[in-house]
Amino acid sequence: MGTFTYSVAEFIDDLPEYVIIIAAVILIWILIVVYIGRLARTRRMDLEEKTRLQEELEIALKKAREANDTKSKFIANISHEIRTPLNAIIGLSSVTLDAEGLDKEVVISLERIYSSGVTIMSIVNDLLDLSKMEAGKYELVNQKYDVPDLINDVLNQNVTRIGSRPIEFILNIDENLPASLIGDELRVRQIFNNLLSNAFKFTREGLVILDIGGHKEDDVFWMTVEVQDTGVGIREEDLPAIFDDYFQVTDDSDPLIHGTGLGLPISKTLAEMMGGSLSAESVYGKGSLFTAKFKQTADTDKTISPEIIHTLKYFDYPNIKRKQSRTRRRAYFPEANVLVVDDVPINLDVMKGFLKPYKMHVDCAENGQQAIDAIRDGGVKYDAIFMDHILPDISGIEATKQIRNIDTDYAKNIPIIAFTANTITGNEEMFLDAGFQDFISKPITLDKLDKIIQRWIGTEPFIDGLDIPACIVHFGGDKELFYDTLRSFVENVPGLVTKASMPNEEDLTDYTSAIHSIKGACLIIYESALAERAKALEAAGTAGDVAFIQDKNDEFLDDVNLFANNIETFLSRL
């Protein structure tokens, strides 16, 4: 029997053509169906995957928001807990430093306590600022500030960091630097502090140099701050990251050198918010140079005098500032009554210490109900209330609301100032919306408190020791001419006081000239008592009577400063 062979190819050749076409169509259709099925399954899987990813993303965002809220609450609580004891440390040391006759070693110790408290405060501020920046609620608050005061405070806070290390600090101040500027003083101070503290922290020996200068363009002053050190420097690979949040430059040879890693990024952000920049150059093992440039508003053509620059360079300015601060605080309001509400006794002591030199009557309440009762009873008509935020039983906010609901014009309009350690973003608006007129944070400082007092407390303006109506008569009845003369006194006399505060025992010529000018300024505005004392000191200067000058000069200059500050207070109330 023969072999039967029939290949697939032959089978296909024998099929009718239409059968082959139908088979091909069926095959294509099957392939299309399979493809569509797979595509549908893929799309369904993609949709399910997208839905799952979206749900996971929403859950992650929710957790991130919750974590951010928790962080904000944590920072607020930590801020409050830290600020409360800092209020005592900074406040009591500041008040005590203004006392007369303190031993030199006691003054040095108190200054270090004060400086350490301010340093801790700067760390708290960095944390709060970071929180505000992350929340997009950070704003600059621009006000006029005294440039020498700012520089002095920065030096006071940072030079103590040298300790026993062999470091020479050099301060260079451009002679064209304005005596005052308009800007956010706290944030400018922060830039200075962060750059200087880093320089001292990372320098074991050698030099730290602070150069302050700039240039004026119309009403804008471009401030330039350069801080150079001979410290450990920064590795080249680390330099791009130093402005990242929490990045810390480590020194393998000194593991004790550390920080929060927030100072530089915050300073860079602040400089940029002021229209400027912050840059860094460094050679590892040799040192670093940080340069900050930013805009401030120039409000005067008056520059820092050479005498003031000298006192800043050689650290004599703090003594002058302390005397001026002491006399400024004695600008008093004996007719004023103030109620302070705080449940922490030491905070009441701090506040009483700050208010005492103003000669005003101060009452204290330890809870909100006592404050409400005091206003409702009306036995004492208070000019202002300093109300703590967190109080037992009734919060400061609730106590304020209840006071405002008392049906008297007095209760509805009395200035109530929020007095709190809680300064997290948004609280300022919260306090103002709750019926407070103003806000002051702990720890209390003289500058903050003084602005509050000038704004809300006191009655008719006066100048202690000066008969204003009689003076106006002497000026031919021209009130504005008299006021302009007072303004000239305030602008020019402090510089003369500075010159007269450091008499050269070998040559009293400059001292005598300054005292002569003070005498003339007093006579022009008919302040005869001070003019007579100046006359006696001028005679002593001419005669070379150093003993008389040493005995009388400090008290006289203190009283001149007090008088100038009383004039300034008077002018601010016109």
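Tabulated results
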quantity	calculated
Single match in 397, 444, 390 (criterion: β-branched (Val, Ile, Thr), within 25 Å of residue 122 (Cα to Cα) and in contact with a His (Cβ under 9 Å, 6 or more places away or on another chain))	390
Residue in the range 391-409 that is assigned to a helix (DSSP H, G or I), in contact with a Phe, Trp or Tyr (Cβ under 7 Å, 6 or more places away or on another chain) and under 26 Å from residue 88 (Cα atoms) present	yes
Some residue of the range 176-187 being closer than 20 Å to residue 228 by Cα and assigned to a helix (DSSP H, G or I)	no
Residue count for the range 188-210, restricted to those that are in a strand (DSSP E or B) and within 21 Å of the chain's Cα centre (by Cα)	1
Selection count where residues are at pLDDT 80 or above and hydroxyl-bearing (Ser, Thr, Tyr), scope the range 439-492	3
Residue ranges of helices (runs of 4 or more DSSP H) in the range 451-537 with at least 3 members within 38 Å of the chain's Cα centre (by Cα)	479-500, 509-524
Residue in the range 357-371 that is at pLDDT 80 or above, more than 26 Å from residue 149 (Cβ to Cβ), among the β-branched types (Val, Ile, Thr) and not in a strand (DSSP E or B) present	no
Residue within the range 149-162 that is assigned by TED's automatic domain parsing to the domain that holds residue 307 and outside any helix (DSSP H, G or I) present	no
Matching residues, the range 167-217, being in contact with a Leu (Cβ under 8 Å, 6 or more places away or on another chain) and aromatic (Phe, Trp, Tyr)	169, 192
Selection count, the range 225-246, where residues are surrounded by fewer than 16 Cβ atoms within 10 Å (Cβ to Cβ) and part of a loop (DSSP other than H, G, I, E, B)	7
Breaking point among (1) surrounded by fewer than 15 Cβ atoms within 10 Å (Cβ to Cβ); (2) in contact with a helix residue (DSSP H, G or I) (Cβ under 8 Å, 6 or more places away or on another chain), for residue 491	(2)
Residue, surrounded by the fewest Cβ atoms within 10 Å (Cβ to Cβ), within the range 500-511, restricted to residues that are modelled with pLDDT under 90 and within 20 Å of residue 309 (Cα to Cα)	504
Breaking point among (1) part of a helix (DSSP H, G or I); (2) modelled with pLDDT of 65 or more, for residue 18	(2)
Residue count for the range 437-453, restricted to those that are without any contact (Cβ under 8 Å) to a residue 24 or more places away in the chain, of a type outside the set (D, E, K, R) and over 15 Å from residue 388 (Cβ atoms)	1
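The values are calculated or read from the model by the stated rules, or taken from the named source; none is laboratory data. This is a predicted model, so every value here is computed, not measured. Neighbour counts are summed over all protein chains in view; Cβ atoms, including those assigned to glycine, are modelled from backbone coordinates with ideal geometry.
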